[in-house]
Amino acid sequence: MKNFNTPSFARGLLTCTLASALALLACGAAQAEEGIGRVKRLSGQVSLDRAGQTLPVQVGMVLQQGDRLRTGADGAAGLTLNDDTLLTAGPNSSLLLSAFSFNPTTHEGGMDATLSRGSLHVVSGLITKKAPDKVTFKARSVVLGVRGTEFIIDAPGDES
């Protein structure tokens with residue numbers, strides 16, 4: 001019969017516990033790193049407001065829920081969200097990615113975005129195919145429910 005009160009058993013148990021904890025932390029970090037999508041194309045001046053900070057935008061940058069993308073007079077940005085939705089913000093645009101959830105197995109989820117100014121070209125992704133009523137785009141006093149697969153939103157004027 002083995003004696004489980006030995007120091008080597010305790011070390012092994014501690015090592016196993018620490019390894020499991022580190023693996024869980026790594027999974028959480030990887031999930032946070034994935035975000036809701038990525039920046040795929042850039043031109044001109046583009047910035048991103050996240051948690052009260054303005055960040056420079058780079059191709060490959062991970063997008064998070066709550067990010068606000070801003071393009072300058074010469075700016076444009078192409079984004080791909082995790083459900084394969086394609087968003088292209090034109091010059092002088094301000095786009096808030098308010099809410100996004102997506103299950104890659106079931107294709108269920110939802111999205112809420114607001115275009116305060118500028119233009120946005122949208123090619124809808126998997127969420128729209130599964131549940132179009134779960135995807136909304138807002139522009140000033142208009143709320144758009146997505147039924148088609150491709151459209152353009154234009155919100156001229158100052159951000160409000």
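We did not get these values from a lab; they are worked out from the coordinates using the rules stated. Note that the coordinates shown come from a computational prediction; the quantities given were computed from them, not determined experimentally. All Cβ positions, glycine included, derive from the backbone under ideal geometry; neighbour counts span all protein chains shown.
Observations, loosely collected:
- What the phi angles of segment 72-85 give under the Karplus curve with 6.51, -1.76 and 1.60, with θ = phi - 60°, is a coupling list of x, 4, 10, x, 7, 9, x, 10, 10, 8, 5, 9, 6, 5 Hz, glycine and proline written as x.
- Chain lengthening between HIS121 and GLU34 when straightened (0.36 nm per residue, less Cα-Cα): 29.0 nm
- Within the shell of other residues whose beta carbon sits under 12 angstrom from the beta carbon of LEU55, the net charge comes to +1, with Lys and Arg scored +1 and Asp and Glu -1.
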